[in-house]
Amino acid sequence: MHPAPSSPAAAPVPGPVRFGELRGLPVVGKLLDFRRDRLGLHDECARTGDIVRFPMLTRHVYCISSPELVPALLVDNQDAFVKAPGLATYGRALLGDGLLTAEGDRHRRERKLLAPAFAPKRIAAYGDVMAGLTERMAASWRDGQGLDVAAEMMHLTLAIVGRTLFDADIGGDAAVVGEALTEGMEFMIDRLSLPLPMTWPLPSNKRMAAAVARLDDVVFRIIAERRAAPGDRGDVMSMLLEARDDDGGGMTDRDVRDEIMTLMLAGHETTANALAWTWYLLSQHPTAYDRLCAEVDQVLGGRTPTVADLPRLPWALQVIEEAMRLYPPAYVTARMATRPVRIGPVEVQPREVVMVTIRGIHRRPDLWPEPAVFRPDRFTEAAKRARPRYHYMPFGAGPRICIGNHFALQEAHLIVATLAQRWRFRLMQPADIEPEPLVTLRPRGGVHVEAIARRPAARA
Ligand code: HEM
C-alpha cells in the first residue's frame, strides 16, 4: 500500500462506467512507471477501467480512456479546471502566457484575437504557400538520397508556420528551433515527474534557460524586423502588433513573443509528427501507398495541388487521419481541478490531475476493431459521419480544442499530395520504430528512408 496522498479520495459511485485503481510504491506512487514507461502506464490504466486513479507523489492522478467521460473534463466544467502543472509551470517557462498556457479571461481574449487568422477563408489563402514550400523541399532531394523524413517534415512545417503566420523566413533557423524545442520538451517531461524549482542552479535548469534564450533570439528578431517595417500584411504578426485594448494600449514585445513562440512551436511540431508517422505507415503498407500514388497522379497529373483539389484527394486525407489515430501527436491532455468536481463515478478534489489518454481512446478494441491495424478505410466520409463524438479526438475537445485544427489538416493534406507525386519513400531501418512520448509523440530516432524519384514538377 502507498501512503494516501494529501487530499482524501472520495469513494466512487457505482455505475456502468468502469472505475479502477492502481496501487503505487510508498511515497512516490506511480512516479517510476511514469518516468520509465509512460505509454505503458496509460495502457495499464486503459485496461483497468474507463477512469482510473493512481497515486503520484503528493496527489492523485486520474486517467480517462472512455469517450463518455471526455465532456465532463474538457467541455462542460471549464470553470473547474486549469491546465495541468506540467504545462502550466514548465510549459510556461518556454511559452510564457500564449494561447496554449493562458487561463480565464486572458485565454478568452487571446482566442478571440487570433480567431480570424484561423478562419476557413484565411486558411485556404495559405494553401499556395504550403504547397509551394513543399515543392521547394521536394526539388532539393536527389534520387536515391537517404533522408530522415521526420527531420525533413519538422523543417518544412516550421518554414510554413513562419511564412504563413509571421511572413518571416525561419527556414534557416529550423535546426536551432528544433533542438531548443526538444530540450524544452524533455525538460518539461522530466520536471512533470520530478517537480524541482526552476530557480535552483541545476544543470538542467541552466540548459533550459539557454534553450529559451536561443528561441528568444529568433522570435525577438522577427518582432524587431516587423516593428521596423510596420503595415498590415494580413498575417498573425500584423494582428498582434496592431491589436489595441479598450484603453487603446498595444501588446508589449513580451506579449507578442509569447503568442508567436506558442504558435511557432504548437504549429509545427505536431503536424510534423503526424506526417512522419504517415510516411512510416505508408512505407509499411504498399497497397495503401500505391493507392495514394494512383490518386495523386490521376487528379493532379504532375501539377502542384491547390486547396480546390483537396476534395478530390480523399485517400490522402484518410491515410493522415488513420496515422493520427494510431499515433496521435498530442497523445494525452491533462487538467488540474480547482474545486471539487464530478467526473462519472468519482469526485475529483482540488489539485488533483485528470488526464485523457487520447491514444488510449483511439486504440480501444470495443470502438476500433483490430485497433493496432492501419486501415484508412475507417475514415471514409460515411464512416466519419457515423462515428460518435470523442471516439476520435487528435485535436482535443471543448473550448480549448486546437485552434490550428483546420490549418494542420489542410497543410498535411497538401504536403502528402505534393510529395507522393514526386517521391516514394522506402524505409531504410528496422520497421519497429518506437513512439517517444515527450509532450508530443515522436518517432524515436527519426524515420530514415531512401527517396526514390517518381515524377518531376510539371513546367508552368
Ligand atoms: C496535427 C497537428 C496538430 C495536432 C495533433 C494538435 C493537437 C492539439 C491539441 C490536442 C490541443 C488541445 C490541448 C489541450 O486540450 O490541452 C491543441 C491546442 C492548440 N493548438 Fe494544436 N495541434 C496541431 C496543429 C496545430 C497548428 C498547426 C497550430 C497553429 C498554427 C496549433 C496551435 C494550437 C494552439 C495555439 C492550441 C491552444 C488552443 C487553446 O488553448 O485555446 N496546433 N492542439
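The values are calculated or read from the model by the stated rules, or taken from the named source; none is laboratory data. Computed from a prediction, not measured in an experiment: that's the story for all the values here. Note that we place each Cβ from the backbone using ideal geometry, even for glycine, and neighbour counts take in every protein chain shown. These area figures cover heavy atoms from the full protein model, side chains too; ligands, DNA and RNA do not enter into them. Shrake-Rupley method; radii C 1.70, N 1.55, O 1.52, S 1.80 Å.
Worth pointing out:
- Overall, the chain carries a charge dipole of about 620 debye about its Cα centre when +1 sits on the Cβ of Lys and Arg and -1 on the Cβ of Asp and Glu, all other atoms neutral.
- Principal-axis tilt of helix 314-326 within the chain, Cα atoms, nearest 10 degrees: 30
- With Rh defined as the Kirkwood radius, the inverse of the mean 1/r over Cα pairs, the Rg/Rh of the chain is 0.96.
- Solvent-accessible area of Thr304 with every protein chain in place, 1.4 Å probe, in Å² to the nearest 10: 60
- Fraction of alpha-carbon pairs over 20 Å apart in the range 168-268 - percent: 47
- Taking Cα atoms only, the orientation of helix 38-48 departs from the longest principal axis of the chain by about 60 degrees.
- Site pair Ser204 and Arg291 shows an inter-label distance of 4.5 nm when each label is modelled 7 Å from Cα along Cα→Cβ.
- Between the residues Leu241, Thr306, Ile361, the greatest Cα displacement towards the positive end of the dipole of the chain, with unit charges on the Cβ of Lys, Arg, Asp and Glu, is found for Ile361.
- Size of charge dipole - the range 140-280 - debye, nearest 20, with Cβ of Lys, Arg +1 and Asp, Glu -1, no other charges: 320
- Ranking Thr252, Thr101 by solvent-accessible area of protein heavy atoms (1.4 Å probe, all protein chains present), from largest to smallest, gives Thr252, Thr101.
- Just the protein heavy atoms count here, and of the accessible area of the chain at 1.4 Å, carbon and sulfur take up 56 percent.
- Farthest toward positive dipole pole in the chain [+1 Lys/Arg, -1 Asp/Glu at C-beta], among Ser283, Ala131, Val212: Ser283
- Projected onto their three principal axes, the Cα atoms of the range 302-460 cover extents of 63, 36, 29 Å, largest first.
- Alpha-carbon centroid distance for the pair the range 421-444 / the range 341-373, whole angstrom: 26
- Extension gain for Arg364-Ala228 works out to 43.7 nm (0.36 nm per residue, less the C-alpha to C-alpha distance).
- The spacing between the range 293-319 and the range 141-186, judged by their C-alpha centroids, is 24 Å.
- Cysteines without a disulfide-compatible partner [the chain; Cβ-Cβ under 4.7 Å]: Cys293, Cys402
- Stretching the chain fully between Ala386 and Glu450 yields a gain of 19.2 nm (0.36 nm per residue, less the alpha carbon separation).
- Computed with a 1.4 Å probe over protein heavy atoms only, the accessible surface of the chain comes to 42 Å² per residue.
- DSSP beta bridge pairing in the range 18-175, given as percent antiparallel to the nearest 5: 75
- Summarising the label geometry, the points placed 7 Å from Cα in the beta-carbon direction at Arg47 and Thr338 lie 3.8 nm from one another.
- Taking the C-alpha atoms only, the angle from helix 253-266 to the longest principal axis of the chain is near 80 degrees.
- Value of D in µm² per second that Stokes-Einstein yields for the range 279-341, Kirkwood Rh from Cα pairs, at 25 °C (0.890 mPa s): 173
- Exposed loop sites, defined as trypsin sites (Lys or Arg not before Pro) outside DSSP H, G, I, E and B with at most 10 other Cβ atoms within 10 Å, are absent from the longest region of the chain, namely 245-458.
- Length gained on full extension, Lys112 to Asp247: 46.8 nm, using 0.36 nm per residue less the C-alpha separation.
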